[in-house]
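Written below as structure tokens is the structure these notes are about.
Taken together, the values in this text are just the output of simple stated rules run on the coordinates, not laboratory data. Since we're looking at a predicted model, the values are computed, not measured. All Cβ positions, glycine included, derive from the backbone under ideal geometry; neighbour counts span all protein chains shown.
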Amino acid sequence: MTSSSVPDFRVGQGYDVHRFAEGRRLVLGGVEIPHERGLDGHSDADVLLHAVMDALLGAAGMEDIGHLFPNTEERWRGADSRALLREVHRRLGDARWRVVNIDVALIAEEPRIAPHIPAMKGNIAADLLTDADRIGIKATTNETMGFVGRREGIAALAVALLVRG
Ligand code: MG
């Protein structure tokens, strides 16, 4: 069996973490969540969307967001991660990749995430021109252990499945 006869599904994973910081907005999945602290970062620090983008790019065998949108470049300061996600989607489309599904685990001791999940799914689905039922998002705490448990930051894990054509 040659490689070309194998169905062209590709899976990718993404991981990201950002520190909490005073005086910053908290933006997760493109949703601004009222909270006393936000996440620090060069862009809007949307840790959830960053993990999603790296999962998509990894599945397509493309360079990660650190290469595409370097935090050393002034043009990405304060960037809206949803705009970056749409740029990732454009690049996937150019290479004929379509999203089959995405699943995200957000690991945060605070704030409560569940009420915002439908809006997050809607944002991601809109930016990827797909249906919200192809986007899975769940949140868990770290049971007070480690840096997430000490409320120092938020981590996100994502997997994405793509199909060519
Ligand atoms: Mg990041």
Show me, for segment 63-77, the HN-Hα J-couplings you get by feeding each phi into the Karplus relation (A = 6.51, B = -1.76, C = 1.60, θ = phi - 60°), rounded to Hz, glycine and proline as x. 5, 6, 5, x, 7, 6, 10, x, 6, 8, 9, 4, 5, 9, 5
Residues 141, 130 in order from fewest to most other beta-carbon atoms within 10 Å are 141, 130
Neighbour-count ranking for 85, 129 (other C-beta within 10 angstrom, fewest to most) reads 129, 85
Applying a 10 Å radius around every beta-carbon, put 3-10, 15-22 in order of their mean neighbour count, most first. 15-22, 3-10
Per-residue ³J(HN,Hα) for segment 124-136, Karplus 6.51 cos²θ - 1.76 cosθ + 1.60, θ = phi - 60°, Hz, x for Gly and Pro: 5, 4, 5, 5, 9, 6, 9, 8, 4, 6, 8, 10, x
Non-local amide H neighbours of residue 153 (under 5 Å, H modeled in plane, Pro and chain starts lacking H): which ones? 20
Would you work out if segment 9-164 is rounded, prolate or oblate? Take a ≥ b ≥ c from the square roots of the eigenvalues of the alpha-carbon gyration tensor; rounded if a/c is under 1.5, else prolate when a/b is larger than b/c, oblate otherwise. prolate
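Can you compute the charge dipole magnitude of segment 9-164 about its Cα centre, using +1 on each Lys and Arg Cβ and -1 on each Asp and Glu Cβ, nothing else charged? Give it in debye, rounded to the nearest 20. Before the final figure, lay out each step's value.
Details: 20 positive and 23 negative charges, 87 e Å.
Computed charge dipole of segment 9-164: roughly 420 debye.
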Under 5 Å between amide hydrogens, which residues at least 5 positions from residue 139 or on another chain qualify, with H placed 1.01 Å from N in the peptide plane? 106
Using a Gaussian network model on the chain with a 10 Å cutoff between Cα atoms, which of 28, 92, 56 fluctuates the most? 92
What are the ³J(HN,Hα) values, in whole Hz, obtained from phi via the Karplus relation 6.51 cos²θ - 1.76 cosθ + 1.60 with θ = phi - 60°, for each residue of segment 78-89 in sequence order, with x given for Gly and Pro? x, 4, 6, 5, 5, 5, 5, 4, 5, 5, 4, 4
